[in-house]
């Protein structure tokens with residue numbers, strides 16, 4: 001779980017479409033939001049940016065306006081809602097991150113929700129309709145959500161197997177904002193800002209990203225993320241030769257398949273001769 005201090009610098013995010021306006025409208029109506037798109041395309045940064053933009057004040061000792069949970073296959077309902085713990089001679093209840101967000105009125109972001117267990121995902125349903133409640137069975141308590149609470153979840157539909165797809169009974173409770181990799185000039189702007197590279201070199205990295213994503217038809221499981229292109233740019237900015245930076249940050253990170261690596265490195269060599 002992570003939260004963000006109220007006086008930190010605003011997270012950098014470059015809007016691509018109308019996602020900022022849609023999120024603001026959803027927040028005004030307190031409609032739960034699903035962010036759908038490939039790994040490393042900016043979903044988490046977008047939530048951080050929106051949370052900062054909508055932040056009002058520190059809430060009862062919890063800094064910022066965002067509590068983030070990275071979901072995984074062992075995530076239980078107790079991990080989200082809370083549990084009793086023994087402290088000294090007494091048993092005390094400790095709120096989980098979801099309960100904290102519901103009580104205090106922050107945004108709760110469940111990243112890669114489909115990685116969580118199915119019985120854990122069902123817990124969020126009462127928070128996503130007109131009821132806006134969180135049943136805490138272990139305490140026999142029905143917790144009504146703070147007026148400022150908002151639930152945001154994300155997942156990558158292209159990467160998940162059918163066994164880990166998001167059920168329609170869950171999807172239909174959310175306003176959905178689709179994310180994809182930015183157009184070349186926008187992606188170059190992001191790479192330049194985050195890595196410190198000159199724009200023209202960042203544009204070459206964005207071209208590399210485009211061409212590698214087209215290799216998915218050749219058997220590559222997933223396209224290169226903007227995040228990895230930024231990593232390559234950061235290495236280059238620190239003196240690593242461009243081809244070597246792209247090899248370690250892009251081709252080796254994307255795949256272990258020798259043929260796929262060779263195909264990617266042909267593209268790297270063409271762009272960075």
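Please treat every number below as a calculation from the coordinates, not as lab data. All figures in this text were calculated on a predicted structure; none of them were measured in a lab. Virtual Cβ from ideal backbone geometry, glycine too; neighbours counted across all protein chains shown.
Each of 155, 27, 12 was scored by other Cβ atoms within 10 Å of its Cβ. Arranged with the fewest first, they read 12, 27, 155.
Calculated on the Cα set of the range 184-271, radius of gyration then Dmax: 11.7, 33 Å.
Each of 55, 50 was scored by other Cβ atoms within 10 Å of its Cβ. Listed from fewest to most, they are 55, 50.
Rounded to the nearest 500, the helix-only mean residue ellipticity at 222 nm of the chain stands at -11000 deg cm²/dmol, with each DSSP H run of n ≥ 4 adding -39,500 (n - 2.57). In percent, how large is the relative contact order of the chain, given Cα pairs closer than 8 Å and 6 or more residues apart? Contact order relative to length: 19 percent. Listing 168, 72, 146 from fewest to most neighbouring C-beta atoms within 10 Å gives 168, 72, 146. Apply the a/c threshold of 1.5 to the C-alpha gyration tensor of the range 2-178 and tell me whether it is rounded, prolate or oblate. It is oblate, given that a/c is not under 1.5 and a/b is not larger than b/c. Once the Cα atoms are used to define both axes, helix 184-195 deviates from the longest principal axis of the chain by about 80 degrees.
Work out the FRET efficiency for residue 176 and residue 90 from their Cβ-Cβ distance, taking R0 = 41 Å, and round it to the nearest 0.05. After rounding, the FRET efficiency stands at 0.40. In the chain, the longest principal axis of the Cα atoms and the axis of helix 199-214 are about 80 degrees apart.
Going by alpha carbons, how many degrees (0 to 90, nearest 10) lie between the helix axis of 43-54 and the longest principal axis of the chain? It works out to around 50 degrees. Look at the alpha carbon pairs under 8 Å that are at least 6 residues apart: their mean separation over the length of the range 174-273 gives a relative contact order of 26 percent. If the segment from residue 133 to residue 165 were pulled out straight at 0.36 nm per residue, it would be longer than the present Cα-Cα gap by 9.0 nm.
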